[in-house]
1. If I filter region 161-187 down to residues being open to solvent by less than 40 Å² (accessible area, probe 1.4 Å) and more than 21 Å from Glu317 (Cβ to Cβ), which single residue comes out as modelled with the lowest pLDDT?
2. Between a residue in region 250-263 that is hydrophobic (A, V, I, L, M, F, W, C) and any residue that is open to solvent by 10 Å² or more (accessible area, probe 1.4 Å) and assigned to a helix (DSSP H, G or I), which pairs come within a Cβ distance under 6 Å, given they are 6 or more apart or on different chains?
3. Pairs please, first residue from region 138-161 and on the phi > 0 side of the Ramachandran plot and of a type in the set (Lys, Arg), second anywhere and outside any helix (DSSP H, G or I) and open to solvent by less than 60 Å² (accessible area, probe 1.4 Å), Cβ atoms under 7 Å, 6+ apart in sequence or on different chains.
4. Just the residues that are of a type in the set (S, T, N, Q) and open to solvent by 50 Å² or more (accessible area, probe 1.4 Å), please, taken from region 135-151.
5. Looking at region 237-273, which of its residues are assigned to a helix (DSSP H, G or I), polar (S, T, N, Q) and surrounded by fewer than 21 Cβ atoms within 10 Å (Cβ to Cβ)?
6. Restrict the check to region 201-213 and report whether at least one residue is open to solvent by 60 Å² or more (accessible area, probe 1.4 Å) and among the polar types (S, T, N, Q).
7. Condition (residue is basic (Lys, Arg) and modelled with pLDDT of 90 or more) applied to region 56-76: is it met by at least one residue?
Amino acid sequence: MTNHHDSPQNATGTAPEATTDTHDDLRQRFAQVRAEVAKAVVGQDAAVTGLVVALLARGHALLEGVPGVAKTLLVRSLSTSLSLDTKRVQFTPDLMPGDVTGSLVYDTKAGEFEFREGPVFTNIMLADEINRTPPKTQSSLLEAMEERQVSADGVTRKLPDPFLVAATMNPIEYEGTYTLPEAQLDRFLVKLVLEVPERETEVEVLRRHAHGFDPRDLASAGVTPVVSAADIRAAQDAVASVGVTDAVLTYLVDLARATRQSPSVRIGVSPRGTTALLAATKAWTWLTGYTSITPDHVQAMLIPVWRHRVQLRPEAELEGVSVDAILTSVMQQVQVPF
């Protein structure tokens, strides 16, 4: 994770020479995470980096792609390499909020109700096909994602630390899917798009299966834990100390304001979106070995952090305009601080 070409959007461009610090060993362990995940998943380095960025920035990640591009396998492999407790929830139309957060259950022996924790009480929660369940159940995650706690029967229960929701979703035009409410989308730090693999990558996937690879058995693939929960908390503290100049902060605001002024955009990036970009950029800056944010770091993270926060006008959607294209245009138009 020390190359700008491995950023979540495969950003191009070079940055000034990185500064070494006392966190090199810790950073190297996170670089090893990608190598471990690659033992099970082929060609998704950028998505792995995006997930790590979300974890270090204390955020959450949304993974979008057609069925069968290894979204679930990617998250499972990542959690195995991170030595964290993981739970998976398959979101279906009949899933209830209590099935996610937990619920009160009557204990006949004790003669009273007790709270039985749901799968959200874990370090990494894999919310599979989150847009196949109605908004009521989707919204049950809002408090957990934002406040890192669950409230039930007047009692607030803290979630484990670290905590990451990694949600997968199919493209919205697929049958049986529900649009995620804006409030839900806004809770995800990054949205990572997993494309159908290139020809050579797909051949390599088949080659691995031909040689006995079993996606249900990650241990046989050799995926081993290389980062502990303590490592993650130490890295999160290091990320928080990454420096940023007023010039870069102004650049962030100018980029956000430019999205609001685009003729194709109905709703641009909010102030919450700028703080999200700052948090993600700090994590990416630390991963690449820098002690202060550069404009290159901002540009590398802008599309993954903002692509789900911009709403296009209906006429722009009909013309086939994409949010990614709008954001790319914004980066080209806004003056970069030197």
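The values are calculated or read from the model by the stated rules, or taken from the named source; none is laboratory data. In this text the structure is predicted, and so the values were computed from the model without any measurement. Quick reminder, even Gly has a Cβ in these numbers, built from the backbone with ideal geometry, and neighbours come from all protein chains shown. Just so you know, the surface numbers come from the protein's heavy atoms only, side chains and all, with ligands and any DNA or RNA stripped out. Shrake-Rupley method; radii C 1.70, N 1.55, O 1.52, S 1.80 Å.
1. Thr168
2. Close Cβ pairs (under 6 Å, with a partner that is open to solvent by 10 Å² or more (accessible area, probe 1.4 Å) and assigned to a helix (DSSP H, G or I)) amount to Leu252/Thr274; Ala256/Thr274.
3. Arg148/Leu159; Arg148/Phe163
4. Quick first cut of region 135-151, residues of a type in the set (S, T, N, Q) only: 137-140, 149, 151.
Of everything in region 135-151, those that are of a type in the set (S, T, N, Q) and open to solvent by 50 Å² or more (accessible area, probe 1.4 Å) turn out to be Ser139, Ser151.
5. Pass one, region 237-273, residues assigned to a helix (DSSP H, G or I): 237-240, 246-261, 271-273.
If we keep only those that are polar (S, T, N, Q) as well, we get 250, 259, 261.
Thr250, Gln261 - these are the residues of region 237-273 that are assigned to a helix (DSSP H, G or I), polar (S, T, N, Q) and surrounded by fewer than 21 Cβ atoms within 10 Å (Cβ to Cβ).
6. no
7. Going residue by residue through region 56-76, those that are basic (Lys, Arg) are 58, 71, 76.
Subset that is modelled with pLDDT of 90 or more: 58.
Scanning region 56-76 turns up at least one residue that is basic (Lys, Arg) and modelled with pLDDT of 90 or more.
Listed here are the residues, each with its yes/no results for (1) of a type in the set (Gly, Ala, Ser); (2) in contact (Cβ under 8 Å) with a residue 12 or more places away in the chain; (3) crowded, with 17+ Cβ neighbours inside 10 Å.
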site	(1), (2), (3)
Arg309	no, yes, yes
Leu312	no, yes, yes
Glu317	no, no, no
Val321	no, yes, yes
Gln333	no, yes, no
Phe338	no, no, no
